[in-house]
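Have a look at the structure below, then the notes.
Values in this text are rule-based calculations from the coordinates and carry no lab data. Small disclaimer: the values here were computed from a predicted structure and weren't measured. So basically every Cβ, Gly included, is an ideal-geometry build from the backbone, and we count neighbours across all protein chains shown.
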Amino acid sequence: MDIYSKEDQPLYEQIYHCVKQIPQGKVATYGQIAKMVGRCSAQMVGFSLAALKIKSNVPWHRVINHKGKISPHGDGLGTSLQKELLLSEGIEFDDTNAIDLARFQWKSKKDV
DNA sequence: CGGCTGACTCTGG
DNA sequence: TCCAGAGCCAGCC
């Protein structure tokens, strides 16, 4: 997947491609995605995902903030759905509804 | 063309 | 260790 060569595409597209690479049962932080794309604009990552639709083909639910928690960006529709999807993938939440990044954070080959 | 905004991240107290 | 404030990049008005 030569997503790193698709610099011609808008950042949105690059971010979507990176998110799609996240395997089931793993999660990634906004910063990780941002670094993968090549920019350090974590806000851009979140903003891009926010523009996505719940029915989109992008596993946005696998993307979380650096605290390992889901960002309370609005009503519980997307947030609750995100948790449901993560639980369905085998990802566990701790007492504070946070994900154990030490075990579930996805490591991209560009991140190593 | 210039300025504002954002599902974040980092540094300081 | 936890809380708060400033910074950041790209898209959109």
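Note on chain A: Lys pairs 8 or more places apart or on different chains, Cα atoms under 14 Å apart, count 9. Size of chain A: Rg and Dmax of its alpha carbons, in Å, are 13.2, 43.
Seen through its C-alpha gyration tensor, with square-root eigenvalues sorted a ≥ b ≥ c, the stretch A:53-95 comes out oblate because a/c lies at 1.5 or above while a/b is not bigger than b/c. Close amide H partners of A:Ile64, meaning residues 5 or more places away or on another chain with modelled amide H under 5 Å apart, are A:Ala28, A:Thr29, A:Tyr30. Here the label points at A:Asn65 and A:Ser108, each 7 Å from Cα along the C-beta direction, are separated by 2.1 nm in the simple model.
Among A:Lys67, A:Lys26, the order by Cβ neighbours within 10 angstrom, fewest to most, reads A:Lys67, A:Lys26. Considering only A:His61, A:His73, A:His17, give the residue with the highest GNM mean-square fluctuation for chain A, with springs between Cα atoms whenever their separation is below 10 Å. Looking only at A:His61, A:His73, A:His17, the largest GNM fluctuation is found for A:His73. Each Cα pair under 8 Å and six or more residues apart adds its sequence gap; the mean of these over the residue count of chain A is a relative contact order of 29 percent.
In chain A, helices alone account for a calculated mean residue ellipticity at 222 nm of -11500 deg cm²/dmol, with every DSSP H run of four or more residues adding -39,500 (n - 2.57).
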